[in-house]
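Below is one structure; the comments refer to it alone.
Every number in this text was worked out from the coordinates using simple rules, so none of it is lab data. Since this is a predicted model, take the numbers as computed values, not measurements. Note that we place each Cβ from the backbone using ideal geometry, even for glycine, and neighbour counts take in every protein chain shown.
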Amino acid sequence: MGTRFIATKEAPVHENVKRAIVAASELDTRLVMRPLRNTERVMNNAAVERILEKEHTLGKDLQIQDIIQEVAGVYPTIMLEGDMDAGAWSCGMVAGLINDIPTCQELIDRIMSGAEELIRQRLAGLLTS
């Protein structure tokens with residue numbers, strides 16, 4: 001739900017971040033920092049490609065210092081300034097299902113409506129069985 005709520009009108013992040021989420025498919029995220037046993041799913045970008053190259057090259061010898069420029073302290077530059085290649089930023093595969101930037105109220109209303117409909121359908125199925 002974190003990725004979904006980033007792509008809302010009220011989220012205090014740069015419009016570039018919101019647009020990147022809306023434009024993404026489920027194939028636009030990558031897993032980084034696996035060799036460090038600190039795996040994170042992030043939106044793919046130039047910084048992530050650098051991390052993945054370092055992970056591939058260094059393998060089990062990778063140290064956090066090797067990727068620190070791409071992972072530490074990058075959120076203000078990305079989230080507030082909109083520099084989408086400044087570093088790795090967390091983003092779920094759900095980005096592929098996000099196609100708009102509603103208000104939080106609109107999003108919650110949709111979630112509740114969908115849940116209510118699903119419950120009604122499943123309960124109706126139980127009552128007729």
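Tabulated data for the structure shown
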{"item": "Residue that is nearest to Gln69 (Cα to Cα) [pool: residues in region 14-27 that are crowded, with 17+ Cβ neighbours inside 10 Å and under 13 Å from the mean Cα position of the chain (by Cα)]", "result": "Val17"}
{"item": "Within region 22-61, tally of residues that are out of contact with any Asp or Glu (no Cβ under 9 Å at 6 or more places or on another chain) and closer than 19 Å to Thr77 by Cβ", "result": "3"}
{"item": "Residue check for Arg50: surrounded by 13 or more Cβ atoms within 10 Å (Cβ to Cβ) and either without any contact (Cβ under 8 Å) to a residue 24 or more places away in the chain or of a type in the set (Asp, Glu) (or both)", "result": "yes"}
{"item": "Residues within region 73-105 that are within 10 Å of Met43 (Cβ to Cβ) and among the polar types (S, T, N, Q), tallied", "result": "1"}
{"item": "Qualifying residue in region 92-107 (condition: of a type in the set (S, T, N, Q), surrounded by fewer than 12 Cβ atoms within 10 Å (Cβ to Cβ), under 25 Å from Arg4 (Cβ atoms) and in contact (Cβ under 8 Å) with a residue 24 or more places away in the chain)", "result": "yes"}
{"item": "Considering residues of region 28-39 that are touching a residue at least 24 places away in the same chain (Cβ under 8 Å) and not in a loop (DSSP other than H, G, I, E, B) only, the residue nearest to Val71 (Cα to Cα)", "result": "Val32"}
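Table: residues versus (1) touching a Gly at 6+ places or on another chain (Cβ under 6 Å); (2) surrounded by fewer than 16 Cβ atoms within 10 Å (Cβ to Cβ).
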site: Glu70; (1), (2): yes, no
site: Leu80; (1), (2): no, yes
site: Ala86; (1), (2): no, no
site: Trp89; (1), (2): no, no
